[in-house]
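All remarks here apply to the structure that follows.
The values are calculated or read from the model by the stated rules, or taken from the named source; none is laboratory data. Please read these numbers as outputs of a predicted model, since none were measured by experiment. Positions of Cβ are generated from backbone atoms using ideal geometry, with glycine treated the same way; all protein chains shown enter the neighbour counts. What goes into the accessible areas is simple: the full protein's heavy atoms, side chains included, and nothing from ligands, DNA or RNA. Shrake-Rupley method; radii C 1.70, N 1.55, O 1.52, S 1.80 Å.
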Amino acid sequence: MLSVSGVHAFYGNIEALRGVDLDVRAGEIVALIGANGAGKSTLLMTICGNPQAASGRIVFDGVDITRRPTHEIVRAGIGQAPEGRRIFPHLTVRENLQMGATVTDSAFFDEDVEKAFTLFPILKARQSQRGGTLSGGEQQMLAIARALMSRPRLLLLDEPSLGLAPMLVKEIFRQIGAINRRQGTTIFMVEQNAYHALKLAGRAYIMVNGRITMTGTGRELLADQHVRAAYLDGGRAAGT
């Protein structure tokens, strides 16, 4: 479904991605893990067209989207819940969902809202509440639900567990699995909580300094001694 080939990307003079190669097949959950500053979020943003790749190719469903603007990429079927949630704090929950649905046929809105409320029942109870007054976990649920309102075939999740209490982390990952199983949505997830990410993902990649350094199934990487030493043993992921 998604193919990233030899992608380089820059922020000013800083080369953030250094020849990234990876693929995500339809129906998968694929995780990308790595330390802060490794380039993980930059990769997701580059897939979405901001920044655009300096070189290399990004192909989605057989179509080269490397030079496409972000709104065309979203219309093609890629949705994103960005790092830090970035909901609209002064809009209500329902209005935030409306913003996510602007690229789809309005005839689907009520149906898609009900799907979001089924997935995250707390949002139904909070639908008239301003987004900025929600808890951190509720805001993360809203960010994911808003991304789903564009009816994506590929959902990009950037640090969905960031800043959440351990019980909420488990709930968020449970719902990510449900989105994949029930809705058939392919998921590509950036996550520093390596334990939960690798436990959920069918396949995963490890990024170091803008390069992919290792790949395998989630189970294989969980068992790898080098991965455990770098991202699990003694780290925050091991204690969650």
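Give the distance, in whole Å, between the Cα centre of region 26-51 and the Cα centre of region 94-153.
For region 26-51 versus region 94-153, the Cα centre distance is 23 Å.
Which of the lysines could be linked to Lys170 by a straight reach, that is with a Cα gap under 18 Å, when you skip same-chain ones fewer than 8 residues away?
Lys199
In whole Hz and in residue order, list the ³J(HN,Hα) couplings for region 32-47 that follow from phi through the Karplus curve 6.51 cos²θ - 1.76 cosθ + 1.60, θ = phi - 60°; x for Gly and Pro.
10, 10, x, 6, 4, x, 6, x, 5, 5, 4, 4, 4, 5, 5, 4
For region 163-234, what is the relative contact order in percent, using Cα pairs closer than 8 Å and at least 6 residues apart in sequence?
Relative contact order here is 21 percent.
So if each residue of separation counts as 0.36 nm, and I subtract the Cα-Cα distance between Phe10 and Ala54, what length gain in nm does that give?
Gain on stretching Phe10 to Ala54: 15.1 nm.
Among Leu32, Leu43, Leu91, which one shows the biggest mean-square fluctuation in a GNM of the chain, springs joining Cα atoms closer than 10 Å?
Taking springs between Cα atoms under 10 Å, the residue moving most is Leu91.
Per 0.36 nm of contour for each residue apart, how much would the distance between Phe108 and Glu72 grow if the chain were fully extended, relative to their Cα-Cα spacing?
Extra length from Phe108 to Glu72 when fully extended: 11.0 nm.
Could you compute how much accessible surface Thr185 exposes when probed at 1.4 Å, giving the result in Å² to the nearest 10?
Approximately 10 Å² of Thr185 is accessible to the 1.4 Å probe.
First measure r as the distance between the Cβ atoms of Asp61 and His90, then evaluate 1/(1 + (r/R0)^6) with R0 = 35 Å and state the FRET efficiency to the nearest 0.05.
0.45
Using the scaling law 2.2 N^0.38 Å as the reference, what is the normalised Cα Rg of region 182-235?
Rounded to two decimals, the normalised Rg is 1.15.
At 1.4 Å probe size, with the rest of the protein present, what percent of the exposed accessible area of the chain is carbon and sulfur atoms?
Result for the chain: 51 percent of the exposed heavy-atom area is carbon or sulfur.
Please list, in order along region 129-139, the HN-Hα scalar couplings obtained from phi with the Karplus expression 6.51 cos²θ - 1.76 cosθ + 1.60 (θ = phi - 60°), rounded to whole Hz, x for Gly and Pro.
Working through the residues one at a time gives 8, 5, x, x, 8, 6, 5, x, x, 5, 5 Hz.
Counting each DSSP H run of 4 or more residues in the chain as -39500 (n - 2.57), what helix-only mean residue ellipticity at 222 nm follows after dividing by all residues, to the nearest 500 deg cm²/dmol?
Helices in the chain give a 222 nm mean residue ellipticity of -10000 deg cm²/dmol.
Sort all Cα-Cα distances of region 126-206 into consecutive 5 angstrom bins from zero, then give the percent of pairs in each bin up to the one containing the longest distance.
Distribution as computed: 3, 14, 27, 25, 19, 9, 2, 1, 0 percent.
Using a Förster radius of 25 Å, what is the FRET efficiency between Met99 and Ala26 based on their Cβ-Cβ separation? Nearest 0.05, please.
Step by step, r from the Cβ atoms, then E = 0.40.
Averaged per residue, what accessible area in Å² does region 120-187 show with a 1.4 Å probe, protein chains only?
39 Å²
Amide H neighbours of Arg203 under 5 Å, at least 5 residues apart or on other chains, H built in the peptide plane: list them.
Distant-sequence amide H within range of Arg203: Ile29, Ala31, Gly218.
Compare Tyr231, Tyr195, Tyr205 by solvent-accessible area with a 1.4 Å probe and give them largest first, with all protein chains kept in place.
Tyr195, Tyr231, Tyr205
Pick the calculated P(r) over Cα pairs in 10 Å bins from 0, in percent for this structure from [x] 7, 22, 22, 16, 12, 10, 7, 4, 1; [y] 8, 29, 34, 20, 8, 1, 0; [z] 8, 33, 37, 20, 3, 0?
Answer label, from the structure shown: [z].
Do any trypsin sites (Lys or Arg not before Pro) in region 17-116 lie in a DSSP loop with no more than 11 other beta carbon atoms within 10 Å, and if so, which?
Within region 17-116, the qualifying trypsin sites (Lys or Arg not before Pro) (loop, at most 11 other Cβ atoms within 10 Å) are Arg67.
Taking a spot 7 Å from the Cα of His226 along the direction of its beta carbon, which residues of region 174-213 have an amide N less than 19 Å from it?
194-195, 198, 203-213
Can you give the Kirkwood hydrodynamic radius of region 121-169 from its Cα pairs, in Å with one decimal?
11.7 Å
Roughly what would the spin-label model give for Ala165 and Thr213, points 7 Å off Cα along C-beta, in nm?
3.5 nm
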